[in-house]
1. Order 128-141, 189-202 from most to least packed using the mean count of other Cβ atoms within 10 Å.
2. Let me make sure I get this right: for region 169-270, a, b and c are the square roots of the gyration tensor eigenvalues over alpha carbons, sorted descending. Under 1.5 in a/c it's rounded, otherwise prolate if a/b > b/c, else oblate. Which is it?
3. Can you tell me the length gained on complete extension of the stretch Lys160 to Lys138, counting 0.36 nm per residue apart and subtracting the Cα distance?
4. Return the distance in nm (one decimal) between the two label points of a simple spin-label model at Ile53 and Gln114, each offset 7 Å from Cα along Cα→Cβ.
5. Please give the length that would be gained between Lys122 and Lys216 if that part of the chain were fully extended, namely 0.36 nm times their separation in residues minus their C-alpha to C-alpha distance (nm, one decimal).
6. Based on the alpha-carbon gyration tensor of region 123-174 and its eigenvalue square roots a ≥ b ≥ c, which shape applies: rounded if a/c is under 1.5, prolate if not and a/b is larger than b/c, or oblate?
7. Leaving out same-chain residues fewer than 8 places away, which aspartates and glutamates sit with a Cα under 12 Å from that of Lys9?
8. Compare the peptides 72-80, 160-168 by average per-residue count of other Cβ atoms within 10 angstrom and give them in order, highest first.
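Read-outs: derived from the displayed coordinates by stated rules, not from any lab. Just so we're clear, the structure is a prediction, and the values are computed from it rather than from any experiment. We place every Cβ from the backbone using ideal geometry, glycine too, and count neighbours over all the protein chains shown.
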Amino acid sequence: MTLTEETVKNRIVFLGTAGARYAAFGLVRQAGGIWINIEGTNIHIDPGPGALIYAHKKGLNPHWLSYLIISHRHLDHCADINHMIEAITLGGKRKKGILICPEDAVSEDPVVLQYTRSNLEKTVIIEEGLEIPFENGKIGFPIKHLHGVDTFGVVVENRKENLSIGYIADTKYFDKLIEAYQNSTILIINTTLKNPKPLIPHLSVLDAEKLIKGIKPELAILTHFGRTMVSNKPWEIAKTISDKTGIFTIAAWDNMIVDTKSRKVVKQKR
């Protein structure tokens, strides 16, 4: 499905579902991040490698974007950030777009180059509890994650609808995540590991199951898969979680589109 400004309205588009460096840079799956539209406001979260190309292939024009969000500075989440900024600003010919990112993404050894950043309307540094209102909604960062570098998940709300999209980015599991994302009606979880690995600060299937049981969203979506998840049929894992929790859970695939009003997948292609 090729999208337009009208057909992307109130949709979530998964421009990539690869997690961690092996899957993302080994091209096991795409790693272009997540594009969210709320009543015409376009937000791109974690534009990893290939984000610009994958967006154009779906018909998503970077000129439409108002917000670019980086959850953290690891390249599988932000490798294409400078390309996206160049596209939004027409190579600096116009001031457009707001970048929201942790401080270490723009400080010493920045992943966002100073010259591209200077062409944006502004850059906002994420702190725990930050909320940014926009027409018909707001973007929030409820809690700092545990991931080795400054990392934050995102909550995007639609004031016109009973909608709160929670995105739990890379992190080690801790119980406060449940409270932080408690009001999510759609919950997106970066589920990189099939089995827990205590020394690796990523969520596993068991962690995702605990989060879904505790938060109780209307729809749960697993994404950001590492090699062990991809090789073990994540759609079957999601079905098992659905059966255990009673919460409809799906495993995202590249270019999957979700309608935020119906909470249903628009097109299924694996």
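1. Result, highest mean Cβ count within 10 Å first: 189-202, 128-141.
2. On the way: a/c = 1.72, a/b = 1.15, b/c = 1.50.
Taking the square roots of the gyration eigenvalues as a ≥ b ≥ c, region 169-270 is oblate.
3. Values: separation 22, 0.36 × 22 = 7.92 nm, distance 1.12 nm.
Going from the current span to full extension adds 6.8 nm.
4. Simple spin-label model gives 3.1 nm for this pair.
5. Values: separation 94, 0.36 × 94 = 33.84 nm, distance 3.55 nm.
Length difference between fully extended and current span is 30.3 nm.
6. Working: a/c = 3.40, a/b = 1.70, b/c = 2.01.
Cα axes put region 123-174 in the oblate bin.
7. Qualifying aspartates and glutamates at Cα under 12 Å: Glu39, Asp259.
8. 72-80, 160-168
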